[in-house]
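Some notes on the structure that comes next.
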Amino acid sequence: MHKLLLDLEGGDDVDGVPMLERAVLGAIKAVQSTDGIFIGIGNEKKARRILEEKVTEDFDLHRLKLVNVTVDPEPAESHSKRLTEAIVASACGHLKDGIAEGFYTCGNTQYVLPTLVRNKVEKFPSIKKPYLIAQMPAKMVTGKKYLLCDVGATRTHDLRTYKQIVSITKVYAKLLFNEDHPRIGILSNGIEETKGDAVMQVAQEALDVEFVEPKHLYAGEISGAAVSGVMGNIILKVAEETCNSALTDLCAIHIPKCSDEEKAKFMVSLKQLKKWYAPDEQGVAFFGGFKHVIGKGHGDSSVLKYTNGALNVYKLLTAGASKEIGKLLEE
């Protein structure tokens, strides 16, 4: 059986519900959806209490193991940082010892990534710094999603890094979206060969990939796009905020004009939109470049988001994503 490590405490309390509780509930659902083994890392005593309260007799407790990691609650201002670092360090040890093949966390990226690097989780030889890959929704009518890489880890790219992120994105898109030949491009300010900067133009020709624009992503025509980390992170945040603002404005304009019957119908449609575009549906970004599959969820993860994130990481590791990436990077 494949084994996936889970950070049970990295993240924020939401509406008075501790991250630990939401993570344990998400882990239970992940176990019920797969045949794998999950190893939760955090306060074992509290996690076990939640587990025993929530599961039924037919739940296989042997497939959700717990590892105890706690830190001193004081000083309180550094507790979250210290706890996340301790949990990630524990996960690193398990990965290096071959106990598990992947790791999912909702901890702060500023704490998670340096801890992974500091504990020397194995990277592919050509990778200097891991990339962050986000899964994003195209227009709802397309029913498709796409990957955006890099969205935070690398400021600039050269030909070597473009090759790496195109290769990693291609494998992840193939396995996540079940596509034999995913269409991957370099995000640019136009599709013409004269667009982009000098490095992008060299990469476009050398890697035999096309320039794409955001409209191609939203139309569901592209499975993944390579972009510099700073720009990718800006695009990610602008897309999320634009979606939230548009839905809020739509409600403000439309609801006051509706009858009760029209309002009920409108709310049904609005819930469908929120479900499609909300981060809960995506559940995870990925640190590309490690030989293990490592996923990063949002800090305010709901049970649904946590479950989806864990399942996406599990899907990649069971499909042999790391092996395929290794082959492409060696070419």
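Where a number appears in this text, it was derived from the coordinates with a stated rule and is not lab data. Predicted model, so just to flag it, every value in this text is computed and none were measured. Neighbour counts are summed over all protein chains in view; Cβ atoms, including those assigned to glycine, are modelled from backbone coordinates with ideal geometry.
For the pair E179 and D13, what calculated FRET efficiency results from E = 1/(1 + (r/R0)^6), where r is the Cβ-Cβ distance and R0 = 51 Å, to the nearest 0.05? Walk me through the intermediate numbers first.
On the way: r = 38 Å, r/R0 = 0.74.
According to the calculation, E is roughly 0.85.
Between amide H atoms placed 1.01 Å from N, distances below 5 Å from L132 occur with V151, G152, A153, T154, G288, all of them 5 or more places distant or on a separate chain.
Each peptide in 177-183, 97-103 was scored by the mean count of other Cβ atoms within 10 Å over its residues; highest first, the order is 97-103, 177-183.
What FRET efficiency, computed as 1/(1 + (r/R0)^6) with R0 = 30 Å and r the Cβ-Cβ distance, is obtained for L159 and E241, rounded to the nearest 0.05?
Details: r = 33 Å, r/R0 = 1.08.
It comes out at approximately 0.40.
Using per-residue counts of other Cβ atoms within 10 Å, averaged over each peptide, order 190-198, 65-73, 162-170 from highest down.
Numbers: 190-198: 11.8, 65-73: 15.7, 162-170: 24.9.
Most protected by this proxy first, the peptides run 162-170, 65-73, 190-198.
Each Lys and Arg contributes +1 and each Asp and Glu -1, all at the Cβ; summed about the Cα centre of region 128-282, the dipole is approximately 400 debye.
Where Lys and Arg each count +1 and Asp and Glu each count -1, what net charge lies around H292 among other residues with Cβ under 10 Å from its Cβ?
Working: positive: K96, K123, K291; negative: E101, E122.
Its environment carries a net charge of +1.
Of the options (1) 186; (2) 175; (3) 158, only one is volume of the Cα convex hull per residue in Å³ as computed from these coordinates, and that is (3). Per the helix-only calculation at 222 nm, which mean residue ellipticity applies to the chain, given -39500 (n - 2.57) for every DSSP H run of n ≥ 4 and division by its residues, nearest 500 deg cm²/dmol? So the helix-based figure for the chain works out to -15500 deg cm²/dmol. Centre-to-centre separation between the Cα atoms of region 1-37 and those of region 87-129: 18 Å.
Taking 7 Å steps out from each Cα toward its Cβ at D60 and S126 produces label points 3.9 nm apart.
Using a simple spin-label model with pseudo-atoms 7 Å out from Cα toward Cβ, M1 and S259 lie 5.6 nm apart. The amide H of D300, built 1.01 Å from its N in the peptide plane, has D12 as neighbours under 5 Å, considering only residues 5 or more places off or on other chains. Taking θ as phi - 60° and the Karplus parameters 6.51, -1.76 and 1.60, the scalar couplings of region 318-330 work out to 6, 7, x, 4, 4, 5, 5, 4, x, 5, 5, 5, 7 Hz in sequence order, x denoting glycine and proline.
Note that region 58-71 has calculated 3J(HN,Hα) couplings of 7, 6, 7, 5, 5, 9, 9, 8, 10, 10, 7, 9, 9, 9 Hz, one per residue in order, obtained from phi through the Karplus relation 6.51 cos²θ - 1.76 cosθ + 1.60 (θ = phi - 60°); glycine and proline are x. Residues whose amide H lies under 5 Å from that of V212, counting only those 5 or more places away or on a different chain, are I186, L187, S188; hydrogens are built 1.01 Å from N in the peptide plane.
So for region 1-93: antiparallel DSSP bridges make up what percent, rounded to the nearest 5? So the antiparallel bridges amount to about 10 percent of the total. In order along region 18-32, phi translates into HN-Hα couplings of x, 4, 4, 5, 5, 5, 5, 5, x, 5, 4, 5, 5, 4, 5 Hz, rounded to whole numbers, per the Karplus curve 6.51 cos²θ - 1.76 cosθ + 1.60 with θ = phi - 60° and x for Gly and Pro.
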